[in-house]
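Here the structure is laid out as structure tokens; the discussion comes afterwards.
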Amino acid sequence: MSRTETPAGPTQVLPAPVRPPKRTHSPAERKLRRSGWLMVLPALLHIGLWTAIPVVATFALGFTDYNVFSPPRWIGLDNYVEIVQDPVFRKATWNTIQYTFWTVPVSMFIALVIAVALNQGLRLQKWYRTAFFLPQVTATVAIAMVWLWIFNPQQGLLNAFLGVFGIPGQAWLADPDWALWSVILVGAWQGIGIKMLIYIAALQNVDESLYEAASVDGASTVRKFFAITVPMLKPATFFVLVISIINAFQVFDQIYVLTDGGPANATTMMTYEVYRSAFEEFRMGMASAQSVVLFFFLLFMTLVGRRATREDS
Amino acid sequence: MIMKSLTRRRVAVTAALSTLALGLAACSSGSSDDASAPLEGEVSGDITLLTPIFEGTAGQKLLEDELLPKFYEEYPDVTVSVDYTTYGNLNEKLTTAAVSGAVPDVMMMGVGWIEGFAERGLLADLSDLGLTEDELLKSYTPAIVDAGTWDGGVYAVPIMLDTRFGVARMDLLKEAGYDAPPQTWDELVEMAQALTVRDDKGTLERTGFDIMSLDSRQAFETMLFSADGDLFDDDDTAPAFNGPEGTSALQLMTDLVNEYKVEDIGFSSTDEAVNPLLNGRAAMGIAHNNLWTQGLEADPEMLDNLEPFIIQGDGQGMFFGGTLATRSATSKNPEAAQALLEFLASPDAALAANEQRGNVPALTELLDSDYVQGNRFVQFAMENLDVAKREGGPAEWLEVRGDFAPAVESALLGQKEPQDALDDLAGLVQTAIDR
């Protein structure tokens with residue numbers, strides 16, 4: 001590698017840097033800029049009012065004791081100290097990590113396989129796509145109610161199905177050993193639809209000539225999948241990973257309907273504890289602090305996901 | 001026969017309505033020199049009602065087509081906007097209402113809720129407009145009136161009660177050689193074991209005593225009361241549920257599951273479509289009074305087999321919650337709000353609301369109504385209200401009540417010893433009280 005040597009000699013007096021002349025905009029450009037600002041103004045106002053201010057308020061309220069009915073009282077880091085010492089929130093954090101760990105990769109893998117299969121021009125392709133996407137557009141509460149019935153230990157479909165093979169049924173949602181797995185199953189199943197849709201869209205942008213060239217070289221289907229499909233889907237995978245992690249960390253509805261966080265906090269999640277603090281215990285300051293912790297968890301996970309998917313790029 | 005019943009009912013309702021009307025008139029006259037006392041005809045304004053009862057098509061129809069038109073006859077210058085919700089969402093509604101400053105003029109809420117909202121200044125003292133504790137004591141039992149008072153003020157008027165007590169399937173008891181429900185804990189354990197049925201593989205087919213169909217907190221409270229225990233000390237400043245009574249109550253529940261194998265975890269739940277007492281999957285259990293109404297819809301003939309009983313240990317185990325009407329402290333039309341509150345608590349309206357939900361009227365005089373006399377569980381509950389205890393106590397009750405279920409479940413699941421589970425819970429509760 002070459003290095004530029006600075007020649008020795010008397011110190012040279014460099015001329016003062018010349019500032020480029022300030023660019024003046026023509027009236028037409030100014031009008032265009034004004035129009036641009038006017039067009040984004042509604043979105044800016046919306047984001048400012050409904051996102052930026054609440055986010056700032058959440059960070060601020062996290063340092064207060066605020067019960068809605070009386071003014072917030074500054075308590076410094078007390079909420080955060082309590083969060084660290086609270087075994088239930090620790091349990092909720094661990095449950096959320098487990099939930100994310102299992103639902104995200106599992107549903108991503110299944111979604112990818114389904115997307116590839118549906119991209120092959122199967123018969124009834126549209127019907128299958130609709131069927132797989134249906135859980136995504138159905139209200140989680142409705143889905144959870146259906147799963148509640150499926151998991152019913154006495155009349156549930158799952159135990160009846162297992163009974164056919166002589167496998168004893170379980171109290172899926174009441175047994176702490178099974179409750180979290182049951183919730184994970186529902187989460188993974190529900191998340192397949194949107195991931196599949198993104199993968200299908202991405203697959204349709206993969207250049208067919210790559211597959212043709214690989215075929216000429218004698219590559220097998222599996223080889224083509226791992227050598228062409230997977231690498232070409234990397235941007236989509238990153239996007240799916242990020243939104244899946246965010247969605248998984250925000251799981252709430254199905255916990256609310258299926259288990260109420262039980263049994264004995266076996267399925268409580270960070271979002272559920274935020275809800276409990278805010279609306280059951282009226283501790284908005286604590287709920288805000290828990291939300292901040294959740295935010296940093298999400299940020300960390302997103303950065304990890306970003307690093308992981310960019311490593312080979 | 002039907003005519004006779006209708007006539008009798010009409011007479012009873014008319015008499016009850018007249019009594020409350022006289023009572024309320026007395027309330028008003030009692031504070032006649034108070035210029036703000038509600039006066040019929042002069043009361044006006046637009047008010048909002050937030051209610052977790054009257055939900056669903058039948059409830060809305062009752063409120064909007066039957067009850068409110070009667071209210072408007074009396075108060076033509078008042079307009080009521082109704083905001084329906086459920087008990088599950090009531091907290092959220094109240095919290096967001098308080099934050100936004102749009103607190104409903106009249107709010108229905110549960111037993112145990114009043115203390116917290118009254119202390120936080122959300123509720124108005126109803127005695128300001130003439131509804132005093134002494135007046136209420138003429139129409140309700142002291143324990144029910146107590147549920148609506150806080151720090152010497154009257155903040156709520158009871159409308160309906162939800163009670164929990166023991167229920168036995170007498171047909172199954174008789175098959176097993178018993179002719180009456182258990183009178184003691186020992187009898188309860190013995191009978192529950194004898195009535196439990198498992199198949200050859202050990203799978204539970206019928207529980208001898210069902211404690212899973214009920215919220216864990218309420219099941220524990222019922223057993224705690226049957227042990228003669230209390231949730232809190234006399235001045236509601238410290239938990240008392242982790243004393244010997246509470247520990248023995250939770251120990252009994254734990255033993256029923258883990259030692260006596262009377263019920264398995266997951267055998268039933270609060271989400272169960274049909275209560276196991278109704279379909280024979282339970283021989284005895286703790287049940288809500290509206291089990292009668294459920295039975296009436298599912299299998300009326302089976303109702304003859306259901307026998308309510310008080311669970312008896314060292315005390316008498318009967319729990320009551322309920323719904324009370326309150327007025328916002330910030331209402332711009334307090335007279336109109338109080339008029340609606342008093343109307344909803346009046347015998348006619350309260351009876352209709354209770355009948356629609358299969359609940360227990362809070363007004364003592366409604367014991368003689370046809371509805372109560374025709375519903376054995378409601379009648380049983382009303383006849384035993386003097387031994388019933390309620391949940392709540394300190395202003396922080398709403399903050400901590402959600403912690404009870406995980407604590408009870410941790411004991412039932414064998415994760416903690418009953419004493420440890422209750423002590424840990426008591427620590428959380430004490431922290432909240434001291435906060």
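The values are calculated or read from the model by the stated rules, or taken from the named source; none is laboratory data. Since we're looking at a predicted model, the values are computed, not measured. Cβ sites come from the backbone with ideal geometry, for glycine too, and all protein chains shown count toward neighbours.
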Surrounded by fewer than 19 Cβ atoms within 10 Å (Cβ to Cβ) and more than 30 Å from B:Leu129 (Cα to Cα), is that true of B:Asp228? yes
When restricted to B:Gly177, B:Gly116, B:Gly152, the only residue assigned by TED's automatic domain parsing to the domain that holds B:Asn91 and on the phi > 0 side of the Ramachandran plot is B:Gly152
When you scan region B:261-281, do you find a residue that is buried (at least 18 other Cβ atoms within 10 Å of the Cβ), part of a helix (DSSP H, G or I) and either outside the structural domain of B:Glu399 (by TED's automatic domain parsing) or among the charged types (D, E, K, R) (or both), even just one? no
Going by what's in this entry, would B:Met191 be described as assigned to a strand (DSSP E or B), in contact with a Gly (Cβ under 8 Å, 6 or more places away or on another chain), of a type in the set (A, V, I, L, M, F, W, C) and farther than 30 Å from A:Asn265 by Cβ? no
All conditions in (1) charged (D, E, K, R); (2) within 21 Å of the chain's Cα centre (by Cα); (3) under 29 Å from B:Ala194 (Cα atoms) are true of B:Arg327 except (3)
Subset of region A:244-271, residues within 11 Å of chain B (Cβ to nearest Cβ) and aromatic (Phe, Trp, Tyr), comes to A:Tyr256
Can you say whether A:Ile243 is among the hydrophobic types (A, V, I, L, M, F, W, C) and more than 30 Å from A:Phe300 (Cβ to Cβ), as far as the supplied structure shows? no
- prompt: Does any residue of region B:341-360 turn out to be farther than 27 Å from B:Ala102 by Cα, surrounded by fewer than 24 Cβ atoms within 10 Å (Cβ to Cβ) and over 19 Å from the mean Cα position of the chain (by Cα)?
  reply: yes
Of (1) part of a helix (DSSP H, G or I); (2) more than 14 Å from chain A (Cβ to nearest Cβ); (3) not hydrophobic (A, V, I, L, M, F, W, C), B:Arg401 satisfies every one except (2)
Here the residues within region B:194-210 that are in a loop (DSSP other than H, G, I, E, B) and surrounded by fewer than 19 Cβ atoms within 10 Å (Cβ to Cβ) are B:Asp199, B:Asp200, B:Lys201, B:Gly202, B:Thr203
Only one of (1) out of contact with any Phe, Trp or Tyr (no Cβ under 9 Å at 6 or more places or on another chain); (2) away from every other protein chain (no Cβ under 14 Å) does not apply to A:Gly163, and that is (2)
The residue that is farthest from the other protein chains (Cβ to nearest Cβ), considering only those in region B:422-435 that are of a type in the set (A, V, I, L, M) and closer than 11 Å to B:Phe241 by Cα, is B:Ala426
Residue hits (region B:252-269; more than 9 Å from chain A (Cβ to nearest Cβ) and touching a residue at least 24 places away in the same chain (Cβ under 8 Å)) are B:Leu252, B:Met253, B:Thr254, B:Asp255, B:Leu256, B:Val257, B:Asn258, B:Tyr260, B:Lys261, B:Val262, B:Glu263
The lone condition A:Val216 fails out of (1) out of contact with any helix residue (DSSP H, G or I) (no Cβ under 9 Å at 6 or more places or on another chain); (2) under 30 Å from B:Gly110 (Cα atoms) is (2)
For region B:66-121 the number of residues that are part of a loop (DSSP other than H, G, I, E, B), buried (at least 17 other Cβ atoms within 10 Å of the Cβ) and away from chain A (no Cβ under 14 Å) is 4
Here, helices (runs of 4 or more DSSP H) confined to region A:218-277 with at least 1 residues that are within 30 Å of B:Asn91 (Cβ to Cβ) are A:234-249, A:253-258, A:270-275
Report yes if B:Ala395 is over 19 Å from B:Ala219 (Cα atoms), buried (at least 19 other Cβ atoms within 10 Å of the Cβ) and either acidic (Asp, Glu) or within 14 Å of another protein chain (Cβ to nearest Cβ) (or both), otherwise no. yes
The number of residues in region B:237-249 that are buried (at least 22 other Cβ atoms within 10 Å of the Cβ) and either assigned to a loop (DSSP other than H, G, I, E, B) or within 13 Å of chain A (Cβ to nearest Cβ) (or both) is 2
If you go through A:Leu157, A:Leu134, A:Leu122, A:Leu180, the only one that is among the aliphatic types (A, V, I, L, M) and either closer than 17 Å to B:Ser268 by Cβ or out of contact with any Phe, Trp or Tyr (no Cβ under 8 Å at 6 or more places or on another chain) (or both) is A:Leu134
Residues of region B:349-395 being of a type in the set (Asp, Glu), assigned to a helix (DSSP H, G or I) and either touching a residue at least 24 places away in the same chain (Cβ under 8 Å) or touching a strand residue (DSSP E or B) at 6+ places or on another chain (Cβ under 7 Å) (or both), in sequence order, are B:Glu365, B:Asp368, B:Asp370, B:Asp386
Within region B:404-415, residues surrounded by 22 or more Cβ atoms within 10 Å (Cβ to Cβ) and more than 7 Å from chain A (Cβ to nearest Cβ) come out as B:Phe404, B:Ala407, B:Val408, B:Ala411, B:Leu412
Restricted to region B:43-65 and to residues being closer than 13 Å to B:Ala337 by Cα and modelled with pLDDT under 90, the residue surrounded by the most Cβ atoms within 10 Å (Cβ to Cβ) is B:Val43
Selection from region B:329-342 of residues under 20 Å from B:Met160 (Cα atoms) and in contact with a Leu (Cβ under 8 Å, 6 or more places away or on another chain) yields B:Gln338, B:Leu340, B:Leu341, B:Glu342
Filter region A:282-304 for residues that are over 17 Å from A:Val81 (Cβ atoms) and within 14 Å of another protein chain (Cβ to nearest Cβ); the one that is nearest to the chain's Cα centre (by Cα) is A:Met284
